[in-house]
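Working notes, structure below.
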Amino acid sequence: TAPLTVVSCDNLRANGPATLRVVSELAEHRGGDLAGWIHGTVAFPSSMVDRMVPATTEDVRALAAERTGMADAWPVVTEPFSQWVLEDAFPGGRPPWERAGVELVADVAPFEQAKLRILNGAHSALAYLGLLAGHATIADSVEDPALRPAVEAMLRHEVIPTLAPPPGLDLPTYAAIVLRRFDNHPLAYATAKVAGDGSQKLP
């Protein structure tokens, strides 16, 4: 077959190399010349998706039923913001995804680092501090006049200096947009839930 590209659309860091690794291991296990063909013909670009999607709750199910008149076991609530950054590695050509707003770049890693350290870092900080301050949601935490300046200072002095700015992305502006995104009460991210898996996120 012609050269092809396998695109990962998930929240896993360095998803292209991870997919290549597991596919290659399976091909090597199968034997023959499949693994060599994959390495010479198939591309596995990395991608980064950024859109906050809280867990589905009974309240969300009830709201969806009320608005649509249909029972949906897994309605999805999202924010208005969305970003898809994709490594431009397509040996057989690709659709013109840039027309739909996809950012096609040579290296996804700097965008991943900015998202992980700025968005996820601030999200976790607001969860821990907000939980200790008695706030039920991230939106409540980011509105706290003591917590928001603390997280802004953390981003400005401790996080942004560790990052190499991705092409076309102003990091202080991105950090300000992230905090505005958190100030979205209908998303209802629970501080206890966000703080609950910190042992996986912090490393």
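The values are calculated or read from the model by the stated rules, or taken from the named source; none is laboratory data. If you're wondering where the values come from, they're calculated on a predicted model, not measured in any experiment. Using ideal geometry, Cβ is built from the backbone for each residue, glycine included, and neighbour counts are taken over all protein chains shown. All accessible areas refer to the heavy atoms of the entire protein, side chains included, with ligands and DNA or RNA removed. Shrake-Rupley method; radii C 1.70, N 1.55, O 1.52, S 1.80 Å.
Restricting Ala139, Ala190 to those that are open to solvent by 30 Å² or more (accessible area, probe 1.4 Å), among the hydrophobic types (A, V, I, L, M, F, W, C) and closer than 18 Å to Met52 by Cβ reduces the list to Ala190.
Within region 24-47, residues that are free of Cβ contacts under 8 Å to residues at least 40 places away in the same chain and open to solvent by less than 20 Å² (accessible area, probe 1.4 Å) have Cβ atoms under 7 Å from residues that are assigned to a helix (DSSP H, G or I) and among the β-branched types (Val, Ile, Thr) in these pairs: Ser24/Ile38; Ala27/Ile38; Ile38/Val23, counting only partners at least 6 apart in sequence or on another chain.
Listed here are the residues, each with its yes/no results for (1) among the hydroxyl-bearing types (Ser, Thr, Tyr); (2) over 30 Å from Ala192 (Cα atoms); (3) at pLDDT below 95.
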| site | (1), (2), (3) |
| --- | --- |
| Pro91 | no, yes, yes |
| Leu116 | no, no, yes |
| Leu119 | no, no, no |
| Ser124 | yes, no, no |
| Leu131 | no, no, no |
| Val159 | no, no, no |
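What number of residues within region 1-42 satisfy the criterion of being of a type in the set (Gly, Ala, Ser), in a helix (DSSP H, G or I) and closer than 25 Å to Asp107 by Cα? Full working, then the answer.
First, the residues of region 1-42 that are of a type in the set (Gly, Ala, Ser): 2, 8, 14, 16, 18, 24, 27, 31-32, 35-36, 40.
Still in the running and in a helix (DSSP H, G or I): 16, 18, 24, 27, 35-36, 40.
From the residues that got through so far, the ones that are closer than 25 Å to Asp107 by Cα too are 16, 18, 24, 35-36, 40.
Qualifying residue count, region 1-42: 6.
Per-residue answers, yes or no, for (1) aliphatic (A, V, I, L, M); (2) touching a helix residue (DSSP H, G or I) at 6+ places or on another chain (Cβ under 8 Å):
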{"position": "Leu104", "(1), (2)": "yes, yes"}
{"position": "Asp107", "(1), (2)": "no, no"}
{"position": "Gly134", "(1), (2)": "no, no"}
{"position": "Asp140", "(1), (2)": "no, yes"}
{"position": "Asp144", "(1), (2)": "no, yes"}
{"position": "Met154", "(1), (2)": "yes, yes"}
{"position": "Glu158", "(1), (2)": "no, no"}
{"position": "Ala164", "(1), (2)": "yes, yes"}
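Cβ separations smaller than 7 Å between residues 6+ apart or across chains give the following pairs from region 179-203 residues that are over 21 Å from Leu63 (Cβ atoms) and part of a helix (DSSP H, G or I) to residues that are open to solvent by 20 Å² or more (accessible area, probe 1.4 Å) and among the β-branched types (Val, Ile, Thr): Thr191/Thr137. Restricting to region 48-74, name every residue that is open to solvent by less than 80 Å² (accessible area, probe 1.4 Å) and closer than 24 Å to Gly101 by Cβ. Those that are open to solvent by less than 80 Å² (accessible area, probe 1.4 Å) and closer than 24 Å to Gly101 by Cβ: Met48, Val49, Asp50, Met52, Val53, Pro54.
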